[in-house]
Amino acid sequence: MRQVAATVAGQVDMEELEFPPVVQTQKLAPDELHLLERLRQGDEAAFASLVDRHHGALIRLAMAYVSDHSIAEEVVQETWIGVLEGLDRFEGRSSLKTWIFRILTNKAKTRGVRESRHVSFSPLAASEENPEEPAVDPTRFQTTGHWAGYWVSYPQPWDENTPEKLLLSQEGTTFLEQAIEALPPKLRQIIVMRDVEGLSSEEACNILEISETNQRVLLHRARSRVRKTLEKYLEGGVRPA
């Protein structure tokens with residue numbers, strides 16, 4: 001990660017940047033205020049620590065927009081340059097992490113358009129997503145009689161025995177990654193943010209510029225699709241490619 005930091009810093013000379021005082025920092029935690037002050041002073045060690053902390057997450061998120069790891073690396077490099085160039089305009093209205101992730105998504109969207117991988121979040125009903133699509137396959141429920149609406153057969157329980165052990169195995173991890181990669185772009189983006197990187201719903205909404213309702217619907221659909229795929233793996237029907 002420090003090599004990445006050195007590469008980016010080499011493209012934007014830290015000593016040549018001017019860092020005026022922060023305009024607004026009400027939402028920043030004390031440790032972020034201190035880090036921001038060091039960054040504005042051109043502290044290369046502070047920048048290296050920032051890269052160490054977030055670079056891997058940025059790569060994973062960039063991969064939700066573009067199709068190639070090398071392109072994702074380029075997007076993240078551009079993001080770090082954007083961070084250095086934008087420090088004087090950062091007003092602290094969100095956390096430093098949210099601000100960095102938003103720079104990444106903006107750059108990744110632009111690159112994704114060129115890669116034909118980007119799908120706009122603006123309407124919830126994008127061309128590849130039916131807004132009325134059920135979260136669970138309707139064929140899994142009874143449709144007639146007294147038990148209409150009940151499960152035809154219950155989903156496989158995810159207990160602490162076989163399923164979790166499978167998912168924690170190398171093969172299970174690989175399959176889970178492939179299940180997420182197979183999601184449509186906007187579902188992949190939200191599940192990476194929430195379940196892989198652990199962002200809060202508020203952070204995800206701010207980064208993607210979507211409503212809390214949209215966020216909940218998208219995340220539910222993403223989780224449902226991944227679960228459906230994982231059930232096939234846990235039942236022994238499929239294996240990672």
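Every residue, every condition in (1) farther than 13 Å from Leu176 by Cβ; (2) among the aliphatic types (A, V, I, L, M); (3) outside the structural domain of Arg102 (by TED's automatic domain parsing); (4) at pLDDT below 90, yes or no:
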| position | (1), (2), (3), (4) |
| --- | --- |
| Ser201 | yes, no, yes, no |
| Ala204 | yes, yes, yes, no |
| Ile207 | yes, yes, yes, no |
| Ile210 | yes, yes, yes, no |
| Thr213 | yes, no, yes, no |
| Arg216 | yes, no, yes, no |
| Leu219 | yes, yes, yes, no |
| Ser224 | yes, no, yes, yes |
| Leu230 | no, yes, yes, yes |
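Considering only the stretch 64-82, state which residues are at pLDDT 90 or above and surrounded by fewer than 23 Cβ atoms within 10 Å (Cβ to Cβ).
His69, Ser70, Ile71, Ala72, Glu73, Glu74, Gln77, Glu78, Ile81, Gly82
For the structure I just gave you, tell me whether Gly237 is of a type in the set (Gly, Ala, Ser), in contact with an Asp or Glu (Cβ under 9 Å, 6 or more places away or on another chain) and at pLDDT below 70.
The answer is yes for Gly237.
The values are calculated or read from the model by the stated rules, or taken from the named source; none is laboratory data. Source: prediction; values computed, not measured. So basically every Cβ, Gly included, is an ideal-geometry build from the backbone, and we count neighbours across all protein chains shown.
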